[in-house]
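The values are calculated or read from the model by the stated rules, or taken from the named source; none is laboratory data. Source: prediction; values computed, not measured. Cβ placement follows ideal geometry from the backbone for every residue including glycine, while neighbour counts extend to all protein chains displayed. The area values use the complete protein model at the heavy-atom level, side chains included, leaving out ligands, DNA and RNA. Shrake-Rupley method; radii C 1.70, N 1.55, O 1.52, S 1.80 Å.
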Amino acid sequence: MSTTAPSIALGIPIVAFGVSALFTLVLSRLPRLFSAMLDEPGERSLHGSAVPRTGGVAVFAGIASGSVLV
């Protein structure tokens, strides 16, 4: 077992978190530019204002980046 294995094992979740946080930050500002990315409240909605629909993209990007490093 090499000495780099623990650092890589610790680095993968950190990279995945960083990518997910970055995508969340970017995608939270994009829906203001593209109204199709917003979920407008309707009569059956629980939210009172428009909510971004792109949260799953950030989670997927974090998981994918971590998987690539493995």
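A compact table of results
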| quantity | calculated |
| --- | --- |
| Nitroxide proxy distance, nm - points 7 Å out along Cα→Cβ at L10 and F34 | 3.8 |
| Residues of the chain: accessible area per residue with a 1.4 Å probe, Å² | 77 |
| Two-site label geometry, S45 and A64: point separation in nm, points 7 Å out along Cα→Cβ | 2.7 |
| Percent accessible area from carbon and sulfur atoms, the chain, protein chains only, probe 1.4 Å | 71 |
| Gaussian network model of the chain, Cα within-10 Å springs - most flexible of P41, P13, P52 | P41 |
| Global form of the chain, assessed from the alpha-carbon gyration tensor, a/c cut-off 1.5 | prolate |
| 5 angstrom amide H check on D39, placed H, neighbours 5+ away | V51, R53 |
